[in-house]
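The values are calculated or read from the model by the stated rules, or taken from the named source; none is laboratory data. Note that the structure is a prediction, hence the values are computed from the model and not measured. Every residue, glycine as well, gets a Cβ built from its backbone with ideal geometry; the counts of neighbours run over all protein chains shown. For accessibility, only protein heavy atoms count, side chains too; no ligands or nucleic acids. Shrake-Rupley method; radii C 1.70, N 1.55, O 1.52, S 1.80 Å.
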Amino acid sequence: MGNCIRSMLQRLQKKKCSEKTIILLIVGLDNAGKTSVLNCISGDSNKTTLPTMGFHVVSLKYKSYTVKIYDIGGSSQIRSLWPKYYNGIHGLIYVVDASDISRLTENKVVFGELISHEYISGKPLLLLANKQDINEAIDELDLVENLDIEHAANTMKCPTRVEICSCTWKEDQSKDNTIGIKNGYKWLLDIIVKNYTALNNKVKIQNVQGERNIEVQSIALDSPSKLSIHSNPFKPIKELVLKKESTHTPSVSQNGIVTNGKKLKKMFTCRNKTAPLTTEESVIEINDTSQSVKFTPKALELQKNIQTLPPILNPIALDTDSHNIAIRLKSNRPYTAPERSQRFTNKITVINIPGQVA
Amino acid sequence: MFVYFWSLVCWYFRPIIKWLLRHTTRMCELQRICYGELCGAPRTLAVEESLKLSRNANIKTLIVYLNDFADQRAITNQTKQKILEEAIVTILVTKKINPTAHPDFAKSFGKCVELIWGYRQLCVECEELRKTPYDADNPEHELLLLKLWNLLMPYEPLDARVTKQWQHIGFQGDDPKTDFRGMGILGLENLVYFAQEYPSAATHVLSHSTHPRYGYAFAIVGINLTSMALRLLRDGSAKTHIYNSSKSFPTIRAFHQLYCYLFYEFDGFWIDSKPSNMMEFSSIQEKFENSIRMALADSSTVFRINISVDNV
């Protein structure tokens, strides 16, 4: 009898331990509708939303996984704190207020900074063009063009999907508006579940790295002498354990990627609405993602330089001058992008007029 | 199960106890409350409970009648006296109380009725203001917003209606109108009241909010605190404070006062808890709310702002 109970308890405990968590992060400018999107995902869309100060966490269930969603405030003061959360996440949701055309340039800058962060690379990204219930809202194709998502997602190898949605629910429009959120959310979780081992290992490594960075910083700050910490033979045992873990995990992660590589690639080319290029640029080995931890912004810049036209990649002119973007777009237009026609030129003027207001 | 059993016991025993007490003391329950309990929240809360549990048909219709008045916001200074008299007369008649023998009863009971239904009307009023969204085309709203700026930043003129300057007082973007989502015009009115009635406290709090280490967004925190104050009002926790602090009919002023107290106290609470960054807001706010709720659970609580700005 006792044995029976004990075995049952053990089994339960094991189940609890093996329970996997997926951590998602919702970001975007203020008033983009992040909290509303989260309310929509968690199922209580009637809640009144306040400007988020700090962040909220919501825990949900998906299949056998626990999904934790962090909803972070989007005000410019908080934006500098976003990167602290990048290391622990499996996927990202970026919400754009598609009806506010005047803030597209700001969105482009913020999004560019976000996606070029070393911890974001290779992680799946869901882009929501929110507030489609407002007439002036732009659709997903315009958004992709305006934020230069193709290029960014390709260079960072992020599986990306763009959905249009709206969180307000009017009677005459029926429920259709929120379907974009639900589909996108399901896609995001599915892709994470498929590549869970690889992603999770990456997250673990990044966590360890992040912690170590903090530790190194604190040690450096605390130690009055200029002795390098590497020469110090006495290290805290915690650090050693962490080191051991980090040397141990990469091999696993590589294995994970090797097995999942093909699937990931398939994801890239077929399922996304904005799939990466099928030209020579996308033939970057997927194995690279496992080493992406070592990416630094500089390395990225280098890569970019090789891949695209070198003289235009002046970082200052990158985000401010839309003409340069136009030229840069010419160099690598993916096959999924809408045909370049009058519409495209129209869009550029749209950027120019309200964008310069700020 | 236990709760069900307990309510059953109460349902049968309460009348028996009441009957016994009525015959031993020769007073009805309302009289015993009005004479026995302390003036303010203890008495008003007890009267409210007693009226709610009453099974007398007359009293039940009286409650429905008063609720209707409060929900339609029909209790004003003009109608107040008439409504109160009607309520008191109804009680005196149904409970067979001799007004000449008990002159104090009518007075103190009247005050309780005033507070109870004033509170109810205050909830309706706040809800109405919350539902009014900030409208950039409404000159009244615009003027109120500019007033807020002038009160908080008297020495710095606003360059334009849409400007980065709004971020100095803790709005998120260049245009504050989007930040009033959720709380509507109530959030703005709260902020304006705070800046207007307690200018020294408001500037003190604002200067804290620009602290390099423990800084926060003044206006956004203010709007979040409006939501908290409204939560307290809605679930009835704020009753103790409102009943204790109001001399007569509670108006929107009472809510503003509560808000000012919360904002001032929260500022101190935030600085004392030494947050590492703004991300700790939700946890600290939760702690703060719990401590406020703890204080409100004591029926003698009344919040008063004690401004000690000068010595900082």
### Task
Would you mind classifying the stretch A:93-171 by shape? Square roots of the alpha carbon gyration tensor eigenvalues, ordered a ≥ b ≥ c; an a/c under 1.5 is rounded, otherwise it is prolate if a/b is larger than b/c and oblate if not.
prolate
### Summary
Looking at the stretch A:57-79, residues buried by 10 Å² or more relative to their chain on its own, accessible surface at probe 1.4 Å, turn out to be A:Ser75, A:Ser76, A:Gln77, A:Ile78
### Message
How charged is the neighbourhood of B:Pro99? Take every other residue with its Cβ under 12 Å from the Cβ of B:Pro99, and add Lys/Arg as +1 and Asp/Glu as -1.
### Response
+1
### Message
Can you give me the angle between helix B:139-152 and the longest principal axis of chain B, using Cα atoms only, in degrees from 0 to 90, rounded to the nearest 10?
### Response
70 degrees
### Task
With an 8 Å cut-off on Cα pairs and a minimum separation of 6 or more residues, tell me the relative contact order of the stretch B:62-217 in percent.
21 percent
### Task
With an 8 Å cut-off on Cα pairs and a minimum separation of 6 or more residues, tell me the relative contact order of the stretch A:1-109 in percent.
36 percent
### Task
Take the solvent-accessible surface of the protein heavy atoms, probe 1.4 Å, and return the percent of it on the stretch A:40-104 that carbon and sulfur atoms account for.
51 percent
### Message
Within the stretch B:1-90, what whole-number % of the accessible surface is contributed by carbon and sulfur, with the 1.4 Å probe and all protein chains included in the calculation?
### Response
66 percent
### Message
I'd like the interface area for chains A and B: accessible area of each alone minus the complex, both sides summed, 1.4 Å probe, protein heavy atoms only. What is it in Å² to the nearest 100?
### Response
1900 Å²
### Task
Please tell me the relative contact order of the stretch B:169-219 in percent, rounded to the nearest whole number, where contacts are Cα pairs under 8 Å and at least six residues apart.
46 percent
### Summary
With Cα coordinates, the longest principal axis of chain B makes an angle with the long axis of helix B:41-53, in degrees rounded to 10, of 60 degrees
### Query
With the Cα gyration tensor of the stretch B:35-108 giving a ≥ b ≥ c as the square roots of its eigenvalues, does the rule (a/c under 1.5 for rounded; else a/b larger than b/c for prolate; else oblate) give rounded, prolate or oblate?
rounded
### Query
So, with a 1.4 angstrom probe, what is the percent of accessible area on the stretch B:204-263 that is carbon and sulfur?
50 percent
### For the stretch B:107-190, accessible area per residue (1.4 Å probe, heavy atoms of protein chains only), Å²
43 Å²
### Task
Could you please state, rounded to a whole Å, how far the C-alpha centre of the stretch B:209-239 is from the C-alpha centre of the stretch B:26-91?
33 Å
### Query
Which residues of the stretch B:279-294 end up with at least 10 Å² less accessible area in the presence of all protein chains than when their chain stands alone, using a 1.4 Å probe?
B:Met279, B:Phe281, B:Ser282
#### Entry: Mean accessible surface per residue for the stretch A:76-149, computed with a 1.4 Å probe while every protein chain stays in place, in Å²
29 Å²
### Message
What's the ranking of A:78-91, B:179-192 by average number of surrounding C-beta atoms within 10 Å, highest first?
### Response
B:179-192, A:78-91
### Query
In nm, to one decimal, how far is the modelled label at A:Asp44 from the one at B:Val124, with both set 7 Å along Cα→Cβ?
2.7 nm
### Task
Only residues of the stretch B:3-44 count here: report those whose backbone N is under 14 Å from the spot 7 Å along Cα→Cβ of B:Arg55, or say none.
B:7-20
### Query
Can you list the residues of the stretch B:170-217 whose accessible area drops by at least 40 Å² going from the chain on its own to the full set of protein chains, with a 1.4 Å probe?
B:Gln172, B:Arg181
### Inter-probe distance in nm under a simple model that places probes 7 Å from Cα toward Cβ, at B:Arg231 and B:Val162
3.3 nm
### Task
For an R0 of 51 angstrom, estimate the FRET efficiency from the Cβ-Cβ distance between A:Val57 and B:Thr79 and round to the nearest 0.05.
0.60
## Note on the structure
For chain B, longest principal axis from Cα atoms; helix B:103-131 axis from its Cα atoms; angle between them, nearest 10 degrees, is 40 degrees
### Message
Quick check: net charge around B:Phe249, other residues with Cβ under 10 Å of its Cβ, Lys/Arg +1 and Asp/Glu -1?
### Response
+2
